[in-house]
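Here the structure is laid out as structure tokens; the discussion comes afterwards.
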Amino acid sequence: MNLGEVIRVLARRWLLIVGCTLIGLLISGLLLYKVGSGGITPRKVGYKSSATILLDQPKVAGTAATAAMGRLLVLPTTYVEIIQSDEIAQRASEKLNGVYSAEDIRDCTSGESTIGTQVMTISSCGDNPTDAQAVTNAVVDSLKDWLNQRQDDAGVLGANRLAISVLSAPQVPKSPSGFPPMIWVMVGGVLGFMVGILIAFGVESVQEAAAPAAPAVATLPANRGAAPIGAGGAAPIAPAATAQGARLRRPRRGARTY
């Protein structure tokens, strides 16, 4: 397929390509919004801040209840689930005076444990760099409060208590995390345009394969300069004479006619 055929296909299927491009823009635009308890709200460009904590091993030497409490809370994977729970998010929201809802904090908070260690990274986000740092600090403090309350309820005292040490405090991020909204829209439009071109050429290929073949039409060579026909070769057919300009011979008087 040469360049001319490509241009003709694009000209014939321009409506399909434009439609796919608009669909891509629409989908990417919808992804900029989220559905929550407050209805449909736009997704904001967030900043992410992280903190590194250490889960200090308790010296379990007390009652069976204390030992069970220590075994439960010492697992880093357990803390990952706790950090992303509604309870921690609600505590953090209250510490921030409701500036960020518990649902928003829960959705943007994550925890990651280092395999083979008691070190874990907590990340959270905010609308600006300062808020991101504040939200992460609130999540860490909420985790500490939750742990102390659980140990108080279980009667864990003294050296048996599990503590959380902050190895690296959350910093103020310098750049936003993720793509700006306009980048998302542009990417959606480009992807839609590419999909439209693929569909257009696919439709052309299917139609060409399904179209019936045109019947063959036999053509005769022109009389002038035509090649001889047959093995011996026949003289070309002379053009018919017309009445205009033709000289007719009359039979001589007394000539016999048969």
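Only the coordinates and a few stated rules stand behind these numbers; no lab work does. Quantities reported herein were computed from a predicted structural model and do not represent experimental measurements. Using ideal geometry, Cβ is built from the backbone for each residue, glycine included, and neighbour counts are taken over all protein chains shown.
A compact table of results
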read-out: Extension gain from Glu94 to Val206, taking 0.36 nm per residue of separation minus the Cα-Cα distance; value: 34.2 nm
read-out: FRET efficiency for Trp14 and Val187, using Cβ-Cβ distance with R0 set to 30 Å, rounded to 0.05; value: 0.85
read-out: Calculated Rg and Dmax of the range 121-204 using C-alpha coordinates, Å; value: 23.7, 78
read-out: Segments 78-91, 128-141 sorted - mean Cβ within 10 Å per residue, highest first; value: 128-141, 78-91
